[in-house]
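Some notes on the structure that comes next.
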Amino acid sequence: MSYYRYTDFKKACKNDRDNVIPINNVLENARNHFNLNTKSQLIDFIQNDGLENLTFVNTKDWENNPNKDKPIKVDAYEFTSMYKLGYIAFMHNDETNKWLIKSFHLSSNSNMVIYLAMEKAGLINKLEEEHE
Amino acid sequence: MNKQRCPACGSIDITDEKKSILIKKPFGGQDNIEIHENICSICGSRGDFFNQNELLIDETIKKLQQKSIENILNYFIDNKMSMSSIERALEIPQRTLTKWKNRTNAPSSAGIALMRFIKLFPWLLEVAENKYDYSEAQKIHINAAIQKLLPEMDFCKENFVEAGGIVATSRSALLYRYYKKKNINNQENAFNEVTLVTSTE
């Protein structure tokens, strides 16, 4: 189960954009792999339900948190967008009141894209029936 | 004055450094720009913490997109494709492309995407000329693919397509196969066979 409500994160992308900060390689990956060139475009994409078939992966403690007494949780999801399978991880720091998009990149489980497309086309059930 | 804080851990121990990034746009080339990168010494997080880079990246992209439109339109001119006929086929107002080329008007993102597709697949103009009729579009598409494929095939080569195969859409197929057959004198001859099957509906 996710630590944060995804809708809260999405709401922040809509109504509180100054407090949503992409860090590390997020913007570079967004530009290179998803044609999202700026922070605005990335946040527009998220708040416009661009992350399709969102699947919760896990919740972990933020490993670089300097204050180990106050752990900060990171939620991670996989999503699809057209032919791509992506991965997003975000966290919220209550002290700074910022949402941080910590990771945003292509998922290593890229075979899932084909699987999901075939499932949508109704071919997975058909294939499974043929093999029974 | 409030000190700037790391958005991740709240530390005030952050530095502002310059970082070079490459922005590329199809048919528009590329540009190296220097952006701000804030780095937190405590948690190691880095990025544009205070939204300093957005405008510069935006302007660079607009510049490259303008360049790409000019390059594409020059390509059309060099290949004797008149802008007037392109505008007519696509039902966009006359002189739109000229205005884009001369920077009188800036093309929209949709306009840029359209021009990129036309540059890659000029036969799409013929589809537009045929009023986007599905059957006609399929024929134009297949014909364009065959025109691209045929020059790559050497039908006189003995070892052409050793096994065989198919290039197909839902209504048409190009089949090719290689086989050996003995003639009346029991001599084995090699055959390369290419068949195009297409629906005329």
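Side notes on the structure shown:
- Area buried, chain B against chain A - accessible surface, total, 1.4 angstrom probe, square angstrom: 1600
- Listed peptides A:13-19, B:34-40, A:100-106, A:74-80 by packing density, highest first (mean Cβ within 10 Å): A:100-106, A:74-80, B:34-40, A:13-19
- Sequence-separation-based contact order of chain B, relative, with Cα cut under 8 Å and 6+ spacing, percent: 10
- Residues losing 50 Å² or more accessible surface upon assembly, the range A:64-81, compared with the chain by itself, 1.4 Å: A:Pro66
- Mean-position separation - Cα centroids, the range B:38-89 and the range B:97-149, in angstrom: 21
- Sequence-separation-based contact order of the range A:19-76, relative, with Cα cut under 8 Å and 6+ spacing, percent: 21
- Under 28 Å from the Cα of B:Lys99 - lysines, other chains or at least 8 residues apart: B:Lys24, B:Lys25, B:Lys62, B:Lys63, B:Lys67, B:Lys80, B:Lys119, B:Lys131
- Percent of alpha-carbon pairs separated by more than 21 Å within chain B: 71
- Two-decimal log10 I(q)/I(0) for the range B:14-129, as the Debye equation yields it once each C-alpha is a single scatterer, q = 0.12, 0.15 Å⁻¹: -0.55, -0.71
- For the range B:1-106, the per residue solvent-accessible surface stands at 58 Å², with DNA, RNA and ligands left out and a 1.4 Å probe.
- Members of the range A:7-31 that become less accessible by 20 Å² or more once partner protein chains are added (1.4 angstrom probe, chain alone as reference): A:Ile21, A:Ile23, A:Asn24, A:Asn25, A:Arg31
- Note on B:16-22: average number of Cβ atoms from other chains within 10 Å of each residue's Cβ is 1.
- Contact residues in the range B:34-57 (at least 20 Å² less accessible area with all protein chains than alone, 1.4 Å probe): B:Ile42, B:Cys43, B:Ser45, B:Arg46, B:Asp48, B:Phe49, B:Asn51, B:Glu54, B:Ile57.
- By average C-beta atoms within 10 angstrom, highest first, the peptides A:48-54, B:111-117: B:111-117, A:48-54
- Of the solvent-accessible surface of chain B, computed with a 1.4 Å probe over protein heavy atoms with every protein chain present, carbon and sulfur atoms account for 51 percent.
The values are calculated or read from the model by the stated rules, or taken from the named source; none is laboratory data. Remember, predicted model here, so these are calculated numbers, not experimental data. Don't worry about glycine lacking a Cβ; one is built from the backbone with ideal geometry, like all the others, and counts go over all protein chains shown. Heavy atoms of the whole protein, side chains included, go into the accessibility calculation; ligands, DNA and RNA do not. Shrake-Rupley method; radii C 1.70, N 1.55, O 1.52, S 1.80 Å.
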